[in-house]
Amino acid sequence: MSRLMRIALVVIALAGLGACATQPPVQSGQSEAEVVARLGRPTHVYQDGASRLLEYMHGPMGQTTDMARIGPDGRLVSFEQVLSMQKFAAIVPGEADKEKVLRTVGAPSETHFYTASQLESWSYPFKENGIWDSMMSVFFDKAGIVRMLQNGPDHKYDLGDGGGHM
């Protein structure tokens with residue numbers, strides 16, 4: 001086999017691997033049973049009108065959460081990673097409540113109650129713009145209404161603390 005032919009085969013094989021990496025693990029139109037068979041049991045399930053949302057958190061402090069939307073016909077409508085600035089922007093202080101946050105970005109990795117402010121925070125580690133190790137905190141009042149969102153670096157990735165990355 002000529003050298004040029006081997007190079008062409010390697011390029012084709014690598015292109016095929018790249019296509020596999022961008023393919024979602026499930027496809028629109030699959031049944032809920034097929035989605036669960038492929039992805040496993042969801043970490044949480046939320047009702048959103050006539051649709052159901054199957055949440056797949058990746059690790060207790062993972063930076064991704066996938067949400068599979070199952071339509072009223074029991075078929076997959078969409079599948080997306082929801083820990084993103086675009087999704088957090090859909091959480092409007094003074095309007096959104098805990099249920100809206102759960103349906104938008106899923107369950108938090110951590111919760112904390114601040115006695116001085118009487119606010120509860122839900123924290124979401126995520127990879128901001130696919131680059132920065134960030135932590136989004138959503139703060140709720142005692143009625144469960146979002147009062148503010150606060151984004152900053154995820155300090156578990158700070159250098160010098162033993163858990164950082166170079």
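If you go through the range 49-68 and keep only what is among the aliphatic types (A, V, I, L, M) and surrounded by 13 or more Cβ atoms within 10 Å (Cβ to Cβ), you end up with L53, L54, M57, M61, M67, A68. The number of residues in the range 106-140 that are over 15 Å from the mean Cα position of the chain (by Cα) and among the hydroxyl-bearing types (S, T, Y) comes to 5.
With respect to G94, determine if the residue is closer than 22 Å to I145 by Cα and touching a residue at least 24 places away in the same chain (Cβ under 8 Å). So G94 passes the test.
Every listed requirement among (1) touching a Phe, Trp or Tyr at 6+ places or on another chain (Cβ under 9 Å); (2) within 28 Å of S28 (Cα to Cα); (3) assigned to a strand (DSSP E or B) is met by R103 save one, (3).
What residue, of T115, T104, is of a type in the set (V, I, T) and either in the same structural domain as A37 (by TED's automatic domain parsing) or within 20 Å of Q47 (Cβ to Cβ) (or both)? Lay out the reasoning, then the answer.
Working: T115 fails: either in the same structural domain as A37 (by TED's automatic domain parsing) or within 20 Å of Q47 (Cβ to Cβ) (or both).
Going through T115, T104 in turn, just one is of a type in the set (V, I, T) and either in the same structural domain as A37 (by TED's automatic domain parsing) or within 20 Å of Q47 (Cβ to Cβ) (or both): T104.
The set of residues from the range 127-154 being surrounded by fewer than 17 Cβ atoms within 10 Å (Cβ to Cβ), in contact (Cβ under 8 Å) with a residue 60 or more places away in the chain and more than 20 Å from V92 (Cα to Cα) comprises just one member, K127.
A single member of M67, M166, M135, M61 is over 30 Å from V35 (Cβ atoms) and either assigned to a loop (DSSP other than H, G, I, E, B) or at pLDDT 95 or above (or both), and it is M166. Residues of the range 78-97 being in a helix (DSSP H, G or I) and more than 10 Å from the chain's Cα centre (by Cα), which ones? Of everything in the range 78-97, those that are in a helix (DSSP H, G or I) and more than 10 Å from the chain's Cα centre (by Cα) turn out to be M85, Q86, F88, A89. Picking from residues in the range 69-101 that are surrounded by fewer than 16 Cβ atoms within 10 Å (Cβ to Cβ) and in contact with a helix residue (DSSP H, G or I) (Cβ under 7 Å, 6 or more places away or on another chain), the one that is nearest to P42 (Cα to Cα) is G74.
When we screen Y124, Y157 for residues that are of a type outside the set (G, A, S), closer than 24 Å to Y56 by Cα and either loosely packed, with under 11 Cβ neighbours inside 10 Å or modelled with pLDDT under 95 (or both), the only hit is Y157.
The values are calculated or read from the model by the stated rules, or taken from the named source; none is laboratory data. Keep in mind it's a predicted model, so treat the numbers as computed, not measured. Ideal geometry is used to build each Cβ from the backbone, glycine not excepted, and the neighbour counts take in all protein chains shown.
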